[in-house]
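The values are calculated or read from the model by the stated rules, or taken from the named source; none is laboratory data. This one's a predicted model, so the numbers in the text were calculated from it and none came from an experiment. Here the Cβ positions follow ideal geometry from the backbone for every residue, glycine too, while neighbour counts run over all protein chains shown.
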Amino acid sequence: MTNLTNLTIAEARAKLKAREISALELTESYIAAIEKAKILNAYVAETPDQARAMAKASDAKLAKGEGGSLEGIPLGIKDLFATKGVHTQACSHILDGFKPGYESTVTQNLWDAGAVMLGKLNMDEFAMGSSNETSYYGGVTNPWRRHNSNAQLVPGGSSGGSATAVAAHICAAATATDTGGSIRQPAAFTGTVGIKPTYGRVSRWGTVAFASSLDQAGPITRDVRDAAIMLKAMASVDDKDTTSVDLPVPDYEKAIGKSVKGLRVGIPKEYRPDGLSSEINAVWDKGAQWLKEQGAEIVEISLPHTKYALPAYYIVAPAEASSNLARYDGVRYGLRVPGDDLIDTYEKTRAAGFGPEVQRRVMIGTYVLSAGYYDAYYVKAQKVRTLIKQDFDKAWSKVDVVLTPATPSAAFAPGEITDPVQMYLNDIFTVTVNMAGLPGIAVPAGLSSEGLPLGLQLIGKPFDEETLFQTAYVIEQAAGKFMAKNWW
Amino acid sequence: MSVDEKTVRRVARLARIKVADADLPKLAGELNVILNFVEQLNEVNVENVEPLTSVVEQNMKKRKDVVTDGHYPKAITQNAAASEDDFFMVPKVVE
């Protein structure tokens, strides 16, 4: 019998529906696989009892020929999503012991569709990081290693636990979030598929806020079809989030397999900065070639403000973070370090509870919003953001979708990047998408000479996730799927 | 623009994060690296450009100003470090 954990969502869904396998069997296989993969440190909290109970309920529904689109499918949930009565700490010390009395809209949508929760996944603290090294619960190990090397590599971040868990087959798929690249960069580092939908497509209610004008949730999955299935279940119109956009959620799976004949694919010249590795350049050219062979038209375009997206992001995101993270004061939830008075309690709690990267960003945010600097930094950055968005608005008159590399390199080693700005540069190709509120998908496109996954990114028009799935599937068909060798 | 130790102390106070005097020089250095990085924006001409306020053109959703939720103080205070009679407890703030 084949290992049940190797089934994609689509494959498992068919076998569950046909009663060839039970949801409980599938769930038990994952619980056993998680047990064997502890060394990867992907999970920060496991919920096997809850998983078994949910799987049994799914089996009862399936036996009656009922059930939702994810009935009996075991998922991992990023620690950023509020899950009722279950560890929800954004992998921060400051949320020690926090168990919400409510469920996030995204996870509620998934449970309503019949999915099974395996546990909570590791991540960078408050989603601030590109290597998962800022987690209070320690780093996550990438299942991928270089050829002939036992050296550990990071899975990227901030959704490092999600990417590793999907790549290591210790969940069928995972939820993730993306503020500057936190879905797409780890997906690229682990040979998985990750989509950040259009801002407003997925409700942010019940998801721990980092930068509210940039945050969007999306899935990390093993292939493009599974990403379409997951996004359909996660997305909704939600009265509890005023930025949730009032548009029906399409059946994204229908876009899979559609021809790209006549599709205009933009290649932005600004995404080829001096010093970009020849391997990344080659995989990008190959991606364009595959689409061309299937009848797409390749069009060179210009997005002139690309280089300013990252510096503008490092004003806007910390500014919003400093406001959002003001709520962690040791009073209503989480850690409290007693002080001489109330202010001293706040200051000691926040000094002990936030890690160094979070403290840096809160301080930067506080500084750029402080009296006398607001116009010079924050307003300026928001103006640059308008220009970045206008670049894309102009591009859409020439092209239907944009193809770029997902990351400037393959996965790196823990401790290899210590300079904060060097770490930020990981998001150089992904952050523009958040700044403009657009959808972007990362899809594996090949392996580096060292045997590590490399990903391509497709950027779409607002609410045109369907074209992303359609195009990414064509790349996936040409590139094939990539699976890490099990060494753990 | 760059920050000195005095500014870092002021910002830390505004952010309500305790920073030891010994850590100020290192933190100032780290913040200056980031601030130098964002200085690139000075190259961009933003004359007559409106700041972005929303990436999606949508009228602000409104709802009736009525209570839609609540009446469970126990659930609200259950995660607090200290609570009593459904109130959050903090160190004494008035003498």
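Miscellaneous remarks
- Subset of segment A:240-281 (residues that are under 30 Å from A:GLY451 (Cα atoms), among the β-branched types (Val, Ile, Thr) and either within 14 Å of another protein chain (Cβ to nearest Cβ) or under 23 Å from the mean Cα position of the chain (by Cα) (or both)): A:ILE256, A:ILE280
- Residue list for segment A:401-457, filter: under 24 Å from A:GLY200 (Cβ atoms), hydroxyl-bearing (Ser, Thr, Tyr) and more than 13 Å from every other protein chain (Cβ to nearest Cβ): A:THR404, A:THR430
- Taken together, A:ALA436, A:ALA472, A:ALA406, A:ALA479 contain a single residue that is more than 23 Å from A:ILE280 (Cα to Cα), buried (at least 20 other Cβ atoms within 10 Å of the Cβ) and at pLDDT 95 or above, which is A:ALA436.
- Every condition in (1) surrounded by fewer than 21 Cβ atoms within 10 Å (Cβ to Cβ); (2) of a type outside the set (Phe, Trp, Tyr); (3) not in a helix (DSSP H, G or I) is met by A:CYS91 except one, and the failing one is (1).
- Test for B:VAL93: is it more than 10 Å from every other protein chain (Cβ to nearest Cβ), over 22 Å from the mean Cα position of the chain (by Cα) and not in a helix (DSSP H, G or I): no
- So B:GLU50, is it within 27 Å of A:ALA309 (Cα to Cα), of a type in the set (D, E, K, R) and modelled with pLDDT of 95 or more: yes
- Of residues in segment B:31-80 being closer than 30 Å to A:VAL331 by Cα, out of contact with any Gly (no Cβ under 6 Å at 6 or more places or on another chain) and surrounded by 10 or more Cβ atoms within 10 Å (Cβ to Cβ), the one nearest to the other protein chains (Cβ to nearest Cβ): B:ASN79
- Within segment B:54-72, residues that are closer than 25 Å to A:SER213 by Cβ sit with their Cβ atoms under 7 Å from residues that are at pLDDT 90 or above and among the β-branched types (Val, Ile, Thr), at 6+ positions apart or across chains, in these pairs: B:VAL56/A:VAL245; B:GLN58/A:VAL245; B:MET60/A:THR242; B:LYS61/A:THR242.
- Number of positions in segment A:198-238 that are within 18 Å of A:LEU468 (Cα to Cα), more than 10 Å from the chain's Cα centre (by Cα) and either of a type in the set (A, V, I, L, M) or within 14 Å of chain B (Cβ to nearest Cβ) (or both): 14
- Failed item in (1) within 30 Å of B:VAL46 (Cβ to Cβ); (2) surrounded by 24 or more Cβ atoms within 10 Å (Cβ to Cβ); (3) facing another protein chain (nearest Cβ under 8 Å), with A:LEU325 passing the rest: (3)
- Among (1) more than 7 Å from every other protein chain (Cβ to nearest Cβ); (2) surrounded by 21 or more Cβ atoms within 10 Å (Cβ to Cβ); (3) within 30 Å of A:GLN390 (Cα to Cα), the one test that A:ILE315 misses: (1)
- Here B:VAL19, B:VAL49, B:VAL55 are screened, and the one residue that is farther than 30 Å from A:THR432 by Cβ and outside any strand (DSSP E or B) is B:VAL19.
- Any hit, segment A:183-203, residues being surrounded by fewer than 24 Cβ atoms within 10 Å (Cβ to Cβ) and within 21 Å of A:GLU133 (Cα to Cα): no
- Residues being surrounded by fewer than 20 Cβ atoms within 10 Å (Cβ to Cβ), outside any helix (DSSP H, G or I) and more than 7 Å from chain B (Cβ to nearest Cβ) - total across segment A:340-372: 3
- Among the residues here, A:LEU425 does not qualify as out of contact with any helix residue (DSSP H, G or I) (no Cβ under 6 Å at 6 or more places or on another chain) and crowded, with 22+ Cβ neighbours inside 10 Å.
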